[in-house]
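The values are calculated or read from the model by the stated rules, or taken from the named source; none is laboratory data. Nothing here was measured: the structure is a model prediction, and the numbers come from that model. Virtual Cβ from ideal backbone geometry, glycine too; neighbours counted across all protein chains shown. Heads up: the accessible areas ignore ligands, DNA and RNA and are worked out on the full protein's heavy atoms, side chains in. Shrake-Rupley method; radii C 1.70, N 1.55, O 1.52, S 1.80 Å.
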Amino acid sequence: MSYQPLQVEGELLSNKRVGAYHLITIVVPGIPERIRPGNFVALSVGGESTSTLLRRSFSVYQAQERGLYGGTLELVIAAHGPGTRWLAALAPHQMLNVVGPLGRPFPIPKDPVHALLVGGGYGSAPLFMLADALRQRGCRVDMALGAASADRLFGALEARRVTNALSIATDDGSLGVQGRVTDAARSILERSSIDVIYACGPMPMLAALSTLGAEFDVMVQCAVEESMACGIGICMTCVLPVRGSDGVVRMSRSCVDGPIFAGDRVLWDSVGTVPEETLGAPKASGH
Amino acid sequence: MTSIRVVPKGGRGVPVEVNLDTQLGALSLPSPILTASGCAASGKELSQFVDLTTIGAVVTKSIMMSPRSGRATPRMAETPSGMLNSIGLQGPGVDEFLEHDVPWLASKGVRTIVSIAGNDVEEFGRLAARVRRAGDSVIALEVNISCPNVANRGLVFACQAHSAAEVISTVRRNVGGAFPIFAKLSPDVTDIVEIAQACVDAGATGLSLINTLLGMVINTETLTPALAGVTGGLSGPAIRPVAVRAVWQVHAALPKIPLIGMGGILTGEDAFQFILAGASAIAIGTANFHDPSALTRVQNELSLILAERGFSSLQDAIGFAHRKA
Ligand SMILES: Cc1cc2nc3c(=O)[nH]c(=O)nc-3n(C[C@H](O)[C@H](O)[C@H](O)COP(=O)(O)OP(=O)(O)OC[C@H]3O[C@@H](n4cnc5c(N)ncnc54)[C@H](O)[C@@H]3O)c2cc1C
Ligand SMILES: Cc1cc2nc3c(=O)[nH]c(=O)nc-3n(C[C@H](O)[C@H](O)[C@H](O)COP(=O)(O)O)c2cc1C
Ligand code: FES
């Protein structure tokens, strides 16, 4: 079940550098208690007279219902474009307009299953709340984190605390084993009987894990990242081809129908195109 | 009549009643604030942030006869004070729309203006006839003629007076004499007044101005167009002066024709510019992406600025900037 989103004027409490990322904490009454693992929030950026009007979406890393200053959200920001660079440079007390919770959360099994959580880069951010929730259900939680380099691997220390077993892989070998997180995931699947995989990270990683899941007959819940303008379901920019339970392929909005999709439902090879079998796909004659 | 009590700045705390009622031909609305087609889906998502019964009407995303996948991604690129989009009219098709979306809006008591788009003139006619029978919650049609005419080398209907008029007269024939229809015009024309006049002569009740401007962004990392559709529609505050100019010119030429003004409205002051230029209603598009409460906020800000400028009624301000000194 998801809560209805709120739009709240928040205040930046702190902004800390963590490796290549910025960990920002926002006091934002009303939203933290509604957050479920996998939900995201959409922030406006650039201040009052901004010329960058579109919202920026971020997974929630931690949601604290009450702290010293009221409910807080913690987000992990990778600065790359104008909006994320603006966020990364924010000083405490700056006001920030926040919309959330958004998107469908990770489905949590009723039974105490054995789960593997896989994160790539800042994609690990939503996995910590998820690990807590799974462990409260009595699940065994293994985690595999990967990134290009140690500074881009978010939450390695924290991961030890919330998991039963942790594997780390970096492309350059600066932390954990050298290699891909998908290889780490494969060796975990080979040696233990995993019931479900939860994954968040770059699209190629999600695609590879979905293939692995099919090979090992394990369900993969993927948190996708598509370019979003609104985050609330009204602009239709954030779509990707997804097969519904009725077997029909539709261009689904990742902000409201996702961001969590079952890996075997997404037509990974066709992301960025409109596959011919999509409902209402252009005929050969064109639209 | 709904009026909003506002206390203008420097008004010494005396509440002023500002009457926001507006008139689009025979159609009376309690507020001039509408959603812009394609920027509010069919209302459900925005209803989490805005009480949609308090605005003038929801204008739904342009619907076509058949389901439509829309274009590949990327469909969007942010631009200075705006955005470029190439959604490609993704939608469920008119059957599902009339089965789910319109009844939902009706059940919530939301006044609804349905936007239609066709691949050819005949599709517009069939859509108009279908929507006309959809029930009382649909109070008007907006005819999105800013889409390509498949039968005529993909030329946009709204770019030629005769093809714009052909669509509008076909729609008029299919909905009968009195039903309000608004032709939505493209700003990408040499003389927007000529197109406006042709649509009115063909039976349009009023005009919606403006649709997006055709634009393009090139990604300097991939060295390719930023949008999968190569070109896209530019919207947001970046286009506001173009939109205000279009409303101004059309109102000057056709002062009796009701206009729905839009293009880059972000605040009540922006909306007020369109009213002063001659719009009887205004629509909010891209601003909803920035601020999902924009409809309510702009409505309140518009009341306030009307009061501050000494208008007790919206109607008195419509076209006010055209008055002779
Ligand atoms: C569900 C979800 C969760 C996310 N979680 C995180 C997170 O925890 N940490 C983090 O650093 N980033 C996260 N992102 C990515 C983040 O939203 C983008 O990096 C950011 O919006 C880019 O903004 P910009 O101004 O830097 O770039 P620009 O390219 O200037 O952005 C322009 C527009 O495109 C959109 N956009 C561009 N790239 C992306 C993208 N990759 N994803 C979504 N929208 C994009 C922006 O929202 C904006 O509307 C997440 C994205 C999604 C969809
Ligand atoms: C994402 C997006 C989708 C749109 N879809 C439609 C549409 O389906 N039909 C239509 O008539 N106009 C469509 N428009 C145009 C808007 O209704 C409006 O005319 C234009 O964006 C200018 O207003 P704005 O600057 O407030 O957005 C769309 C605009 C955007 C940004
Ligand atoms: S981001 Fe606007 S519909 Fe998904």
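Each residue of the range A:125-133 is assigned a 3J(HN,Hα), and the resulting list reads 3, x, 7, 6, 4, 5, 4, 4, 5 Hz, derived from the Karplus form 6.51 cos²θ - 1.76 cosθ + 1.60 (θ = phi - 60°), x at Gly and Pro. Computed over the range A:6-102, the P(r) curve from all C-alpha pair distances, binned at 5 Å from the origin, holds 3, 15, 27, 29, 19, 7, 1 percent per bin. Which entries in B:LYS108/B:LYS184; B:LYS44/B:LYS184; B:LYS44/B:LYS256; B:LYS184/B:LYS256 show an alpha-carbon gap greater than 28 Å? Pairs exceeding 28 Å: B:LYS44/B:LYS256. What part of the accessible area of chain B, given as a whole %, is carbon or sulfur when the probe is 1.4 angstrom? It is 53 percent, rounded to a whole number. Relative contact order of the range A:6-102, taken over Cα pairs closer than 8 Å and 6 or more residues apart, is 41 percent. In a fully extended conformation the segment linking B:THR220 and B:ASN300 would gain 24.7 nm over its present Cα-Cα distance, using 0.36 nm per residue. When the surface is traced with a 1.4 Å probe over the full set of protein chains, A:MET205 keeps roughly 20 Å² accessible.
Remark: the Cα gyration tensor places chain B in the rounded category, a/c being less than 1.5. Each of A:VAL248 and A:GLU190 was given a label point 7 Å from its Cα along the Cα-to-Cβ line. The distance between the two points is 4.3 nm. Rounded to the nearest 10 degrees, the inclination of helix B:294-308 to the longest alpha-carbon principal axis of chain B is 40 degrees. Accessible surface area normalised per residue over chain A is 42 Å², counting heavy atoms of protein chains with a 1.4 Å rolling probe. Here the label points at B:GLU122 and B:ASP21, each 7 Å from Cα along the C-beta direction, are separated by 4.5 nm in the simple model. Under a model in which nothing but the beta-carbon of Lys, Arg (+1) and Asp, Glu (-1) is charged, the range A:114-223 shows a dipole of about 280 debye around its Cα centre.
Of the whole protein surface, A:TRP268 contributes about 40 Å² of accessible area at a 1.4 Å probe radius. Karplus-based coupling profile of the range B:225-242, in residue order and whole Hz: x, 5, 9, 4, x, 6, 9, x, x, 8, 9, x, x, 4, 9, 4, x, 5, with θ = phi - 60° in 6.51 cos²θ - 1.76 cosθ + 1.60 and x standing for Gly or Pro. For A:HIS80 and B:SER66, FRET efficiency with R0 = 56 Å and r from the beta-carbon atoms, rounded to 0.05? Efficiency for this residue pair is about 0.90. Per the accessible-area calculation with a 1.4 Å probe, the total area buried between chain B and chain A rounds to 3000 Å².
When only Cα pairs below 8 angstrom with a gap of at least 6 residues are kept, the range A:114-223 shows a relative contact order of 29 percent. Modelled spin labels at A:GLU215 and A:LEU157, positioned 7 Å past Cα toward Cβ, are 3.5 nm from each other. Taking amide H as placed 1.01 Å from N in the peptide plane, the amide H of B:GLU142 sits under 5 Å from that of B:VAL114, B:SER115, B:ILE116, B:PHE182, each at least 5 places away or on another chain. Considering only protein heavy atoms and a probe of 1.4 Å, how much of the accessible area of chain A is carbon and sulfur, as a whole percent? Carbon and sulfur atoms account for 48 percent of the accessible area of chain A. Using the Cβ-Cβ distance between A:LEU68 and A:GLU276 with R0 = 60 Å, the FRET efficiency computed as 1/(1 + (r/R0)^6) comes to roughly 0.60. Centre-to-centre, using Cα atoms only, the range A:53-103 and the range B:231-264 are separated by 36 Å.
Charge dipole of the protein assembly as shown (Cα centre as origin; +1 on each Lys and Arg Cβ, -1 on each Asp and Glu Cβ, all else neutral): 740 debye, rounded to the nearest 20. The antiparallel fraction among DSSP beta bridges confined to chain A stands at about 60%. Note on A:VAL274: accessible area is roughly 40 Å² with a 1.4 Å probe, heavy atoms of protein only. Surface analysis of chain B yields an accessible area of 38 Å² per residue, using protein heavy atoms and a 1.4 Å probe.
Couplings for the range A:37-45, taken from phi via the Karplus curve 6.51 cos²θ - 1.76 cosθ + 1.60 with θ = phi - 60°, read x, x, 5, 10, 10, 10, 10, 8, 10 Hz in order; Gly and Pro are left as x. Amide H contacts under 5 Å for A:SER167: A:MET143, A:ALA144, A:LEU145, restricted to partners 5 or more places along the chain or on a different chain, H placed in the peptide plane at 1.01 Å from N.
The alpha carbon centroids of the range A:199-256 and the range B:110-129 are separated by 32 Å.
Based on C-alpha pairs under 8 angstrom that are at least 6 apart in sequence, chain B has a relative contact order of 20 percent.
Between B:VAL175, B:VAL150, B:VAL131, the GNM of chain B built on Cα springs shorter than 10 angstrom shows B:VAL150 fluctuating the most. Does the range A:65-153 come out rounded, prolate or oblate by the C-alpha gyration tensor, with a ≥ b ≥ c the root eigenvalues, rounded set by a/c under 1.5 and, if not, prolate when a/b is larger than b/c and oblate if not? The shape class here is oblate.
Close amide-amide hydrogen proximity is noted between A:VAL249 and A:GLY244, A:LEU279, each under 5 Å apart and 5 or more residues distant or on a separate chain (H modeled in the peptide plane; Pro and chain starts excluded). Among the cysteines of the protein assembly as shown, A:CYS139, A:CYS200, A:CYS222, A:CYS238, A:CYS255, B:CYS39, B:CYS147, B:CYS159, B:CYS199 have no other cysteine beta carbon within less than 4.7 Å of their own. Relative to the globular-protein estimate of 2.2 N^0.38 Å, the Cα radius of gyration of the range A:114-223 stands at 0.94.
A Förster distance of 30 Å, applied to the separation of the beta-carbon atoms of B:ARG245 and B:ASN152, puts the FRET efficiency at 0.60.
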